[in-house]
Amino acid sequence: MKLSKDYSVAALAGFLTGLCAIPTLLNLHYQNTLTLIVLPFALALLWAVGFWVGQALSRMIPVMLQLSKFAEVGVLNTAINFGFLNLASLATGVTAGLAVGGFNIPGTLLAASNSYIWNKQWVFKKIDNKGFFNDIPKFAIVTFFGLIVNSLIIVLFTSYLHPALGLSNVAWLNIGKALATLIGFLVDFLGYKFIVFRIPTSGPNLQKLA
């Protein structure tokens, strides 16, 4: 029953990801109505399959189940962030300037809040007697550190490594961003797992990881 519930939660995360991606696609002038309707349901199925793959791999590498859940939540957070920004842009017609920075703030805060809830309640399943909001300071510090690492890697990659294989500066920037995102993903995962949502190994709050 517990495993079945996890599949449902994974599917919900996928559905919400697809739903939040729609404003971004619309703002990019993607107008295939059928695809937009099907997208949330398709991602719900894909996320459930992703959970199944993580669960299967966890028989050999236990951490893979948490990693698969963390990745699915991470994509959902990204969709929320981009979705809010593009929804505001669609509603106002603003695409540049200080207003865009203003639009980005609530989307980022919403994505961060969503990340905290999903990671605490599903990915790492930390349940204790200290209150739901007790881990927020540690969460904020680890998230901020991950952001610094992400930004530093992009700066170093683009400043000290020159484009190779005939790639343009824009393509090289995006490769740097992809590398930074991957390393930032690992930094956040380790920080959340061992610092923010660390499960006590003894005492009354002992919890078992999924």
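Just to be sure I understand the model, the point goes 7 Å from the Cα along the line to the Cβ. What's the resulting VAL149 to TYR30 distance in nm?
3.0
Could you sort the peptides 19-30, 76-87 by per-residue average Cβ neighbour count (10 Å cutoff), highest mean leading?
For the peptides 19-30, 76-87, the packing ranking is 76-87, 19-30.
Which residue, chosen from LEU87, ILE154, LEU173, occupies the Cα position most advanced towards the positive end of the dipole of the chain, where the dipole is computed from +1 (Lys, Arg) and -1 (Asp, Glu) charges on Cβ about the Cα centre?
ILE154
For Rg and Dmax of the Cα atoms in Å, one of [x] 18.8, 59; [y] 18.6, 65; [z] 17.8, 56 was computed from the structure I shared and the rest are decoys. Which label?
Recomputing Rg and Dmax of the Cα atoms in Å here picks out [x].
Using only the alpha-carbon atoms of segment 28-104, report the extent along each of the three principal axes, biggest first, to the nearest angstrom.
On the principal axes, segment 28-104 reaches 50, 31, 11 Å in Cα extent.
Along each of the three principal axes of the Cα atoms of segment 58-169, give the extent in whole Å, ordering the values from largest to smallest.
Result, largest extent first: 49, 41, 24 Å.
Throughout, read-outs are computed from the coordinates displayed, never taken from laboratory work. As the structure is a computational prediction, the values presented were derived from the model and not from experiment. Virtual Cβ from ideal backbone geometry, glycine too; neighbours counted across all protein chains shown.
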